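Please read the structure below before turning to the comments.
The values are calculated or read from the model by the stated rules, or taken from the named source; none is laboratory data. Computed from a predicted model, the values in this text were never measured in an experiment. A quick note on method: Cβ atoms are made from the backbone with ideal geometry, for glycine too, and the neighbour counts reach across all protein chains shown.
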Amino acid sequence: MTTTEAVRETPAVLTVTDAAAAQLKKLVQTHNPEAAGIRLGVSEGGCNGLTYAMDFAEEKGPTDEEMELDGVILLIDPMAVMYLVGTEMDFVEEKLGSNFVFRNPNESGRCGCGESFSV
């Protein structure tokens with residue numbers, strides 16, 4: 001007797017739009033061409049409990065998730081993966097400013113200014 005098990009497709013940890021990839025590349029080229037990449041993480045803070053954190057990475061950590069985006073390396077902190085699964089990272093330019101936007105299906109709440117979230 002054979003059994004058939006349903007195989008559930010696991011969503012990507014993170015998808016990155018072309019606009020976000022282009023901005024990441026521009027940031028590295030302009031501000032820190034020697035960086036190993038850009039590290040993305042989630043840290044405690046803000047009025048809703050968690051915030052997205054990005055900074056230049058001096059080196060790749062042994063357990064970092066790594067994404068190559070048009071010549072730029074995005075390193076995802078392993079402690080952030082559980083908060084980011086299925087998230088889309090975009091870069092949005094508007095009349096009064098521009099910023100990275102995270103569309104995270106895991107969020108259960110977000111503060112009014114959009115700087116922090118909860119799961």
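Pairing each residue of the range 25-37 that is within 11 Å of residue 55 (Cβ to Cβ) with any residue that is part of a helix (DSSP H, G or I), provided the two are 6+ apart or on different chains, yields C-beta distances under 6 Å for 35/28.
Being among the β-branched types (Val, Ile, Thr), surrounded by 13 or more Cβ atoms within 10 Å (Cβ to Cβ), without any contact (Cβ under 8 Å) to a residue 60 or more places away in the chain and over 21 Å from residue 18 (Cβ atoms) is a condition met by no residue of the range 83-91.
Give, as residue ranges, the strands (runs of 3 or more DSSP E) completely inside the range 4-119 that count at least 1 residues that are at positive phi and either small (Gly, Ala, Ser) or at pLDDT below 90 (or both).
37-44, 97-103
Please enumerate the residues belonging to the range 44-82 that are in contact with a Ser or Thr (Cβ under 6 Å, 6 or more places away or on another chain) and either acidic (Asp, Glu) or free of Cβ contacts under 8 Å to residues at least 40 places away in the same chain (or both). Once the filter is applied, which keeps residues that are in contact with a Ser or Thr (Cβ under 6 Å, 6 or more places away or on another chain) and either acidic (Asp, Glu) or free of Cβ contacts under 8 Å to residues at least 40 places away in the same chain (or both), the range 44-82 yields 53, 78. If you go through the range 50-73 and keep only what is of a type outside the set (A, V, I, L, M) and farther than 18 Å from residue 87 by Cα, you end up with 55, 56, 58, 59, 60, 61, 62, 63, 70, 71. Whether any residue in the range 62-75 is crowded, with 17+ Cβ neighbours inside 10 Å and among the polar types (S, T, N, Q) is what I want to check. Within the range 62-75, none of the residues are crowded, with 17+ Cβ neighbours inside 10 Å and among the polar types (S, T, N, Q).
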